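Below: one structure, written as structure tokens.
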Amino acid sequence: MTRKTFTLFDPALVKPAIADAFRKLDPRVQWRNPVMFVVYVGSLVTTALCAQAFSGDGEAPAGFILAVALWLWFTVLFANFAEALAEGRSKAQAASLRSLKKQTWAKLMEAPKFGAKWHPIESSQLKRGNVVIVMAGDVVPADGEVIAGVASVDESAITGESAPVIRESGGDFSAVTGGTKVLSDWVIVRITANPGETFVDRMIAMVEGAKRQKTPNEIALTILLVALTIVFLVVTVTLLPYSLFSVDATQSGRPVSVTVLIALLVCLIPTTIAGLLSAIGVAGMSRMMQANVIATSGRAVEAAGDVDVLLLDKTGTITLGNRHAAAFLPAPGVDEAELADAAQLASLADETPEGRSIVVLAKQKFNLRERDVGALGAQFVHFSAQTRMSGVDLPLESPAPRVVGSDVLPVAVRMVRKGAAAAIRKHVEGLGGAFPAALDAVVDDVSRRGSTPLVVCDGVKALGVIELKDIVKGGIKERFAELRRMGIQTVMVTGDNRLTAAAIAAEAGVDDFLAEATPEQKLALIRQYQGEGRLVAMTGDGTNDAPALAQADVAVAMNSGTQAAKEAGNMVDLDSNPTKLIEVVETGKQMLMTRGALTTFSIANDVAKYFAIIPAAFVTTYPQLAALDVMHLGSPSSAILSAVIFNALVIVFLIPLALKGVPYRPVGAALLLRRNLLVYGLGGLVVPFIGIKAIDLLLNLVHFA
């Protein structure tokens, strides 16, 4: 299924948004935006004054009051329309997901093994912990984790990508999402979500939620806008008694009308940014979704814009991902074939691409075929972040002597291990062996080349090194240079030793690196940066990443990762692309840049309205104020109406900018501020003079005012 895309003003979005704009006239909805609520109240008052004028007892011509009232209502409706259009885009993106909520039948297994009996059950009845089998052509009934089998899965309904992906037990690609379709083979899946708690459920609830929590920056800006509104409200209220006193004192002119004061208030308060503020936030989340990243809240998107430290996993983010065995480098006195044989044995149960490449290299170089695991009676030792090695224990026909301290003990198990040099050294020395000094030189040489050395040992004997090669992604150095110009520090996190990490860090152009990283060290590093008052972003996909993801300010979990990682993060990347973290930060910064640009424009464009309305309101009492009429507007009533009309129309013209965002540029904060002041500050000063004058000419041309 191809995800449908919409143009900015697509009729499928505009028509519902117009209807929603009128529904949002409910005062309970308007109250949530204090600035626009003032405009809403002003619209009600002018409507009442209009009715009074048509009854023959008006404070100003009925036609003038009607025109002001209508354009005040348009101002409110345009702001509602902007928010409804932004929400409509998000809802349209989620609409395709509703098809995934259709009831399907699952095959609930009696035992978690292929060939076991199963019986049909509705997908809505599945609970966490249930085990189902999904065959070719079946739809995955609910979110789960593959515990057996391997299959090609069509995830286009979720990711929009037509190419199928492989899902298999073990490793980082074991997660499956409800609503996706198995194309070939079979998988046995353990359900990880109860009804109503699936990934699709959370996506739909997030984008179609009736309430959107405001972000901290949005709250702070709202407080500023409310404060400005209160100041202008107090000033406007005092103008009525001041006008009455002035007319009485000078015995000339006429007091300013309530309609004109309301028009003045609405034009002075920051209605432009207030009307678009909510739309900017919703559009930011929508742009994240267009990039196939699901943010749990606008707070997460905004935090991405404030991030100044990026923790990036080396594998898959900075390098191409799958390291491959390139060479066997034996220790002195060890035959290369012996090293290859032990390396293959230690990798038989290793499902990672690196482990498989070791098996393949041994097969290619020495024609070593995979052994029958059952016949070997092997006990596999899987890799862990703590031990940093893996391997196999094989039973010996006769116990072999081993020196432990001052004792010689018989050992009936052959322990073959591969792993980091430090881990293997500790293992060998712990068994009473010695790590060859010559092997240290081999390890260092491999590390300096930017490759990863894996040391292999057989019991107390260190056999040599497997060289795993990494390839740095093209263009990644330039991306990091852009981030540096924005003041963002990049930190590479890797399990490699310091020499390898330093070589790759230098080639990729990162600012710093954390070598031989454990989950505890990742967590400590994040806390260290946060203790310095910095915001940290990172990606992760494994259960061991969950603590660090939960601690990070912006945590992007991979959709192919474990359930624990998804629950710990505040964003999920549907494409499972670790490099996406950079795009997430850019989208967050674009949202903040858009908000700042429109705020600058909104405040700057008030200046022209002073020159339009204030002379028109008080020139009959104080003729000297005519000097402020620099636009030479046709009449007092046309001046006031022109300002009100421009104030409403500018919201419509800025909707595309609010929804698409200002163009992103990787520049520092100081340069960005200067650019905003020049483009949107100066533009906010100049454009209203041109716009108000043009509207005034049109009004006088049609003899409306």
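The values are calculated or read from the model by the stated rules, or taken from the named source; none is laboratory data. Quantities reported herein were computed from a predicted structural model and do not represent experimental measurements. We place every Cβ from the backbone using ideal geometry, glycine too, and count neighbours over all the protein chains shown. The area values use the complete protein model at the heavy-atom level, side chains included, leaving out ligands, DNA and RNA. Shrake-Rupley method; radii C 1.70, N 1.55, O 1.52, S 1.80 Å.
Among (1) of a type outside the set (Lys, Arg); (2) in a loop (DSSP other than H, G, I, E, B); (3) open to solvent by 60 Å² or more (accessible area, probe 1.4 Å); (4) at pLDDT 85 or above, which single condition is Thr387 missing?
(4)
State yes or no: is Gly419 among the small types (Gly, Ala, Ser), surrounded by 12 or more Cβ atoms within 10 Å (Cβ to Cβ) and at pLDDT 85 or above?
Numbers: among the small types (Gly, Ala, Ser): yes; surrounded by 12 or more Cβ atoms within 10 Å (Cβ to Cβ): yes; at pLDDT 85 or above: yes.
So Gly419 fits the description; yes.
Please enumerate the residues belonging to segment 30-56 that are assigned to a helix (DSSP H, G or I), under 28 Å from Ile219 (Cβ atoms) and in contact (Cβ under 8 Å) with a residue 12 or more places away in the chain. Lay out the reasoning, then the answer.
At the first step, the residues of segment 30-56 found to be assigned to a helix (DSSP H, G or I) are 30, 34-54.
Among the residues that remain, those that are also under 28 Å from Ile219 (Cβ atoms) are: 30, 34-44.
Matches in segment 30-56: Gln30, Pro34, Val35, Met36, Val38, Val39, Tyr40, Gly42, Ser43.
Please enumerate the residues belonging to segment 507-532 that are open to solvent by 40 Å² or more (accessible area, probe 1.4 Å) and modelled with pLDDT of 90 or more. Lay out the reasoning, then the answer.
Here is the first cut: in segment 507-532, the residues open to solvent by 40 Å² or more (accessible area, probe 1.4 Å) are 507, 511-513, 516, 520-521, 524, 527-528, 530-532.
Correct list: Asp511, Asp512, Phe513, Ala524, Arg527, Gln528, Gln530, Gly531, Glu532.
So which of Ser286, Ser246, Ser252 is on the phi < 0 side of the Ramachandran plot, crowded, with 20+ Cβ neighbours inside 10 Å and either touching a residue at least 12 places away in the same chain (Cβ under 8 Å) or part of a helix (DSSP H, G or I) (or both)?
Numbers: Ser246 fails: crowded, with 20+ Cβ neighbours inside 10 Å; Ser252 fails: crowded, with 20+ Cβ neighbours inside 10 Å.
It is Ser286.
When residues of segment 485-506 are filtered for being under 25 Å from the mean Cα position of the chain (by Cα), open to solvent by less than 30 Å² (accessible area, probe 1.4 Å) and of a type in the set (D, E, K, R), how many remain?
Counting residues in segment 485-506 that are under 25 Å from the mean Cα position of the chain (by Cα), open to solvent by less than 30 Å² (accessible area, probe 1.4 Å) and of a type in the set (D, E, K, R) gives 0.
Give me the pairs: first residue in segment 461-489 and within 30 Å of Arg665 (Cα to Cα), second residue in a helix (DSSP H, G or I) and open to solvent by 10 Å² or more (accessible area, probe 1.4 Å), beta-carbon distance under 6 Å, and six or more apart or on different chains, which are they?
Val472/Glu507
Kindly provide the set of residues from segment 432-451 that are over 17 Å from Arg498 (Cβ atoms) and not aliphatic (A, V, I, L, M), ordered by number.
The answer is Gly432, Gly433, Phe435, Pro436.
Identify, by number, the condition in (1) at pLDDT 80 or above; (2) part of a helix (DSSP H, G or I); (3) not aromatic (Phe, Trp, Tyr) that Val556 doesn't meet.
(2)
Any residue that is in contact with a Pro (Cβ under 9 Å, 6 or more places away or on another chain), in the same structural domain as Ser602 (by the TED database) and under 18 Å from Pro270 (Cβ atoms) - is there at least one of those in segment 29-37?
Within segment 29-37 (the criterion being in contact with a Pro (Cβ under 9 Å, 6 or more places away or on another chain), in the same structural domain as Ser602 (by the TED database) and under 18 Å from Pro270 (Cβ atoms)), the answer is yes, since at least one residue qualifies.
With the requirement that a residue be β-branched (Val, Ile, Thr) and open to solvent by less than 30 Å² (accessible area, probe 1.4 Å), what does segment 571-618 give you? Quick ask: steps written out before the conclusion?
The initial filter retains those residues of segment 571-618 that are β-branched (Val, Ile, Thr), namely 572, 579, 582, 584-585, 587, 594, 599-600, 603, 607, 613-614.
The answer is Val572, Thr579, Ile582, Val584, Val585, Thr587, Thr594, Thr599, Ile613.
Can Gly464 be described as open to solvent by less than 20 Å² (accessible area, probe 1.4 Å) and assigned to a loop (DSSP other than H, G, I, E, B)? Let's see the steps before the verdict.
On the way: open to solvent by less than 20 Å² (accessible area, probe 1.4 Å): yes; assigned to a loop (DSSP other than H, G, I, E, B): no.
For Gly464, the condition - open to solvent by less than 20 Å² (accessible area, probe 1.4 Å) and assigned to a loop (DSSP other than H, G, I, E, B) - is not met.
Which one of Thr539, Thr500 is within 24 Å of Ala565 (Cβ to Cβ), touching a helix residue (DSSP H, G or I) at 6+ places or on another chain (Cβ under 9 Å), outside any loop (DSSP other than H, G, I, E, B) and not acidic (Asp, Glu)? Step through it out loud before you land on a result.
Details: Thr500 fails: within 24 Å of Ala565 (Cβ to Cβ).
Sole residue among the options that is within 24 Å of Ala565 (Cβ to Cβ), touching a helix residue (DSSP H, G or I) at 6+ places or on another chain (Cβ under 9 Å), outside any loop (DSSP other than H, G, I, E, B) and not acidic (Asp, Glu): Thr539.
Exactly one of (1) out of contact with any Lys or Arg (no Cβ under 8 Å at 6 or more places or on another chain); (2) buried (at least 22 other Cβ atoms within 10 Å of the Cβ) is unmet by Ser347. Its number?
(1)
From the list Val455, Val442, pick out the single residue that is surrounded by fewer than 22 Cβ atoms within 10 Å (Cβ to Cβ) and under 24 Å from Glu336 (Cβ atoms).
Val442
Out of (1) closer than 12 Å to Asn559 by Cβ; (2) modelled with pLDDT under 75; (3) in contact with a helix residue (DSSP H, G or I) (Cβ under 7 Å, 6 or more places away or on another chain), what's the single condition that is false for Thr177?
The failed condition is (2).
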